[in-house]
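Structure first, commentary second.
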């Protein structure tokens, strides 16, 4: 295999965790978690495993997914996409609360004959845990697997205290005619000594049921493990070499925290494993890009266990492609002129859709209008539309027409991780100087910081705003329509927009457009353009 046939990881850059892969003839689809971002679930498509295109968000109606009020990093966890007898099955968890012992979540199923939809209304399955997946056995029966969540204190149960809540993988039959789970519930796998067993998928190969799980938590000790049994309900024997993938065993890899994933078999019988991974900022150890999706080639050992083809357990950045195609590795460049363009599928909103009149391409011709809603800390209704950051270095720009009448009104460019981690370059109103520019930065305590320490008076007319990010440095600048760019000076530590900072969150940094009106008067901000340009 020559370098011309190498897949470059990650294959889905930026926040795209918990991949589930599905092959239909020569088409490959990967579904990934979207957490509190709407519409729910990202599905990418490829015909060559190396180059992927965002295809659709199947959960696009509030009847399928209403996340108003969901805390940060709740919403859609770990979707599972399968295809059987001409129908796509998409299983997902809607998590409403995860940071207490109890948790609140429900598992659902939607189906569609076409990957592009329309997808059905959700079928409720259960609420006993998360990371559900569907297995289609060759006898025609279907089985749902998920983590069993145990809320009780560790002293009352008999396994590792650090993993007390992760009480094993349970399985129950799904009846497609009755559209519900039926029959007994069996706990088929308690996991290995690493603990925190989750992310299960089941496969039937070579006369065995192979159970794939993730373990070790989704940070530095994350890993993937196979166990197998001749019988669906076990007992399951753990791979004698233990976890076949873990970044901790290969500290020189640029792909860290690798684990949760899914296996796909090519028409020629070759196997590939897609898995979540994270690329920390150089020298900072923080993953502002969130958890991404990578791929590894898998071979079967002489005694029938899946192994990474490169003969060690660490993930590789460059992987040989049996399909003979290389990754194009293009940096992304997007420019939208709202005289003629609309934002693409890459742009999502927190928790609910933004529809007319809150988001409008028609209210002011040539502009995208956002009506200001609740604060950027709101878990309910705020006017923010953004895209994933997918490279360590990028520039984002916009041109905005905004005439605030109150200090409670603000609009501009936002670098947004969640309601507790963001940097907002915004135009507002100052009673002493009139229209002004300021930078607002969120803190985990719920208070706001103002790193500039001042507001900058702005001239009349449309204003151009620019964000430049280089690894962990965030810089802002502005210009009048006819003037030169005016840098704000210095930089802000951007690394705070990461999973690892202050609390366990699971998404990634976004950049986009926002308008907020804390007075409740729905002040309009009109954007004439937006661009996102990645750099080496």
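The values are calculated or read from the model by the stated rules, or taken from the named source; none is laboratory data. Computed from a predicted structure; not experimentally measured. Note: ideal-geometry Cβ built from the backbone for every residue, glycine included; neighbour counts use all protein chains shown.
Determine whether residue 214 is farther than 21 Å from residue 138 by Cα and either assigned to a loop (DSSP other than H, G, I, E, B) or in contact with a helix residue (DSSP H, G or I) (Cβ under 8 Å, 6 or more places away or on another chain) (or both). No; evaluated as a whole, the condition is false for this residue. Look at residue 96 and say whether it is within 21 Å of residue 179 (Cα to Cα) and either out of contact with any strand residue (DSSP E or B) (no Cβ under 9 Å at 6 or more places or on another chain) or surrounded by fewer than 24 Cβ atoms within 10 Å (Cβ to Cβ) (or both). In short, no. Name the residue that is surrounded by the most Cβ atoms within 10 Å (Cβ to Cβ), counting only residues in region 479-495 that are in contact with a strand residue (DSSP E or B) (Cβ under 6 Å, 6 or more places away or on another chain) and outside any loop (DSSP other than H, G, I, E, B). Checked region 479-495; the qualifying residue surrounded by the most Cβ atoms within 10 Å (Cβ to Cβ) is 494.
Being crowded, with 22+ Cβ neighbours inside 10 Å and over 30 Å from residue 419 (Cβ atoms) holds for only one residue in 30, 7, and it is 7. Scanning region 129-148 finds one or more residues that are crowded, with 17+ Cβ neighbours inside 10 Å, under 20 Å from residue 66 (Cβ atoms) and under 23 Å from the mean Cα position of the chain (by Cα). Identify all residues within region 43-73 that are more than 26 Å from residue 331 (Cα to Cα) and assigned to a strand (DSSP E or B); write none if there are none. Within region 43-73, 59 is the sole residue that qualifies. Selection over region 507-536 of residues that are in contact (Cβ under 8 Å) with a residue 24 or more places away in the chain and surrounded by fewer than 21 Cβ atoms within 10 Å (Cβ to Cβ) gives a count of 11. Of the candidates 476, 512, 461, the single residue that is in the same structural domain as residue 389 (by TED's automatic domain parsing) and part of a loop (DSSP other than H, G, I, E, B) is 461. Selection of strands (runs of 3 or more DSSP E) fully inside region 233-349 by the criterion of at least 2 residues being closer than 27 Å to residue 196 by Cα and touching a residue at least 40 places away in the same chain (Cβ under 8 Å) returns 261-265, 271-278, 291-300, 306-308.
Looking at this structure, is residue 501 touching a helix residue (DSSP H, G or I) at 6+ places or on another chain (Cβ under 7 Å), at negative phi and touching a residue at least 60 places away in the same chain (Cβ under 8 Å)? So residue 501 fails the test. Within region 354-379, the set of residues being in a strand (DSSP E or B) and either in contact (Cβ under 8 Å) with a residue 12 or more places away in the chain or out of contact with any strand residue (DSSP E or B) (no Cβ under 9 Å at 6 or more places or on another chain) (or both) comprises 359, 368, 369, 370, 371, 373. Residues of region 258-268 that are within 26 Å of residue 132 (Cα to Cα) and either surrounded by fewer than 19 Cβ atoms within 10 Å (Cβ to Cβ) or modelled with pLDDT under 95 (or both): 265, 266. Among the residues of region 221-232, just one is in a loop (DSSP other than H, G, I, E, B), more than 28 Å from the chain's Cα centre (by Cα) and buried (at least 17 other Cβ atoms within 10 Å of the Cβ), namely 232. From the list 118, 184, which residue is assigned to a loop (DSSP other than H, G, I, E, B) and either assigned by TED's automatic domain parsing to the domain that holds residue 236 or in contact with a helix residue (DSSP H, G or I) (Cβ under 6 Å, 6 or more places away or on another chain) (or both)? Of the residues listed, the single one that is assigned to a loop (DSSP other than H, G, I, E, B) and either assigned by TED's automatic domain parsing to the domain that holds residue 236 or in contact with a helix residue (DSSP H, G or I) (Cβ under 6 Å, 6 or more places away or on another chain) (or both) is 118.
A quick yes/no check of all residues on (1) within 24 Å of the chain's Cα centre (by Cα); (2) surrounded by fewer than 24 Cβ atoms within 10 Å (Cβ to Cβ); (3) in the same structural domain as residue 457 (by TED's automatic domain parsing):
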| site | (1), (2), (3) |
| --- | --- |
| 379 | yes, yes, yes |
| 383 | yes, no, yes |
| 388 | yes, no, yes |
| 394 | yes, yes, yes |
| 399 | no, yes, yes |
| 403 | no, yes, yes |
| 406 | no, yes, yes |
| 409 | no, no, yes |
| 413 | yes, no, yes |
